[in-house]
Amino acid sequence: MAAALTLPSPFGSTRLDPAAVERAVAGQFQEREGVALDLSCAEELPVVDGATYSCAGRTADGEPVTVTITLRGEAGDYTWDEG
């Protein structure tokens, strides 16, 4: 499980910092798979318990990768899975 930097949203809710999520997940992916990942998540990732978000990326080998981010709780903790 990971926690990302959260940011206030102009709509009054909390959201994950997409750049922080991209860096953290790409680093963990590289450790697990042994290949670098260039990942891109949506600009708005509201923190809602159980919400899922899809991020798209490409490995250094040119393989497309989709990562699903699943929020756990209201503090910005999340897990991710490739698929």
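The values are calculated or read from the model by the stated rules, or taken from the named source; none is laboratory data. Since we're looking at a predicted model, the values are computed, not measured. In case anyone asks, the SASA skips ligands and DNA or RNA and just uses the protein heavy atoms, side chains included. Shrake-Rupley method; radii C 1.70, N 1.55, O 1.52, S 1.80 Å.
Residues whose amide H comes within less than 5 Å of that of L45, counting only those at least five positions distant or on another chain, are L16 (H built at 1.01 Å from N in the peptide plane). Normalised by residue number, the volume inside the convex hull of the Cα atoms of the chain is 74 Å³ per residue. Based on protein heavy atoms only, the chain ends up with 57 Å² per residue of surface accessible to a 1.4 Å probe. Couplings for the stretch 42-56, taken from phi via the Karplus curve 6.51 cos²θ - 1.76 cosθ + 1.60 with θ = phi - 60°, read 4, 5, 10, 10, x, 7, 9, 3, x, 5, 10, 9, 9, 10, 10 Hz in order; Gly and Pro are left as x. Taking the chain as a Gaussian network of alpha-carbon nodes connected by springs under 10 Å, the highest mean-square fluctuation of the residues A60, A20, A36 belongs to A60. Computed over the chain with a Gaussian network model linking Cα atoms closer than 10 Å, the most mobile of R32, R72, R23 is R32.
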